[in-house]
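**Student:** Below is the structure I would like to discuss, written out as structure tokens.
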Amino acid sequence: MREMKNIWMFCLCAVLLIGSWLISDATKSIAAYGDTATHNTAQMANVLVTMSNELNELNNKKAPQEKQILDAVEAAEYLGITEQILAQLLDSKDIPALQINSTYRFSKRALDEWVYEQSKKHTTYQK
């Protein structure tokens, strides 16, 4: 998700940089060719409209939804543990999971709540 946001941010910066360069170039042209100011202004207006449309498209695109149901490999990665440790937790029925045939599925929300509850049980504070 962060990677996708970084890509969108990079694209936005690139569009703004190119647009700024085009506007700067257009204003130089206006100063150099006073009589063609109308043409250059129209050209600049077109560039601004194009940039505005591209920015609106970027803003309207939604980032892909994160998966809410994970398989065992994804759940282990999400929790930052090995698949073997996840298997041990499943064997001891210590982790929330849904078994469909021989495949386990994990709700991200249930895993988050489970981690929170585990941290309350096992966290110690020192003064």
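**Student:** Identify, from the list Glu54, Glu83, the residue that is within 30 Å of Ile23 (Cα to Cα) and touching a helix residue (DSSP H, G or I) at 6+ places or on another chain (Cβ under 8 Å).
**Tutor:** Testing whether each residue is within 30 Å of Ile23 (Cα to Cα) and touching a helix residue (DSSP H, G or I) at 6+ places or on another chain (Cβ under 8 Å) leaves just Glu54.
**Student:** Could I ask something else about it? Taking interchain pairs and intrachain pairs at least six residues apart, which have beta carbon atoms under 8 angstrom, with the first residue in region 86-104 and surrounded by 11 or more Cβ atoms within 10 Å (Cβ to Cβ) and the second hydroxyl-bearing (Ser, Thr, Tyr)?
**Tutor:** Leu90/Tyr104; Pro96/Ser107; Ala97/Tyr104; Leu98/Tyr104; Leu98/Ser107
**Student:** Within region 66-75, identify whether any single residue is part of a helix (DSSP H, G or I), of a type in the set (Val, Ile, Thr) and either modelled with pLDDT of 85 or more or surrounded by fewer than 13 Cβ atoms within 10 Å (Cβ to Cβ) (or both), and answer yes or no.
**Tutor:** Scanning region 66-75, I find at least one residue that is part of a helix (DSSP H, G or I), of a type in the set (Val, Ile, Thr) and either modelled with pLDDT of 85 or more or surrounded by fewer than 13 Cβ atoms within 10 Å (Cβ to Cβ) (or both), so the answer is yes.
The values are calculated or read from the model by the stated rules, or taken from the named source; none is laboratory data. All figures in this text were calculated on a predicted structure; none of them were measured in a lab. Positions of Cβ are generated from backbone atoms using ideal geometry, with glycine treated the same way; all protein chains shown enter the neighbour counts.
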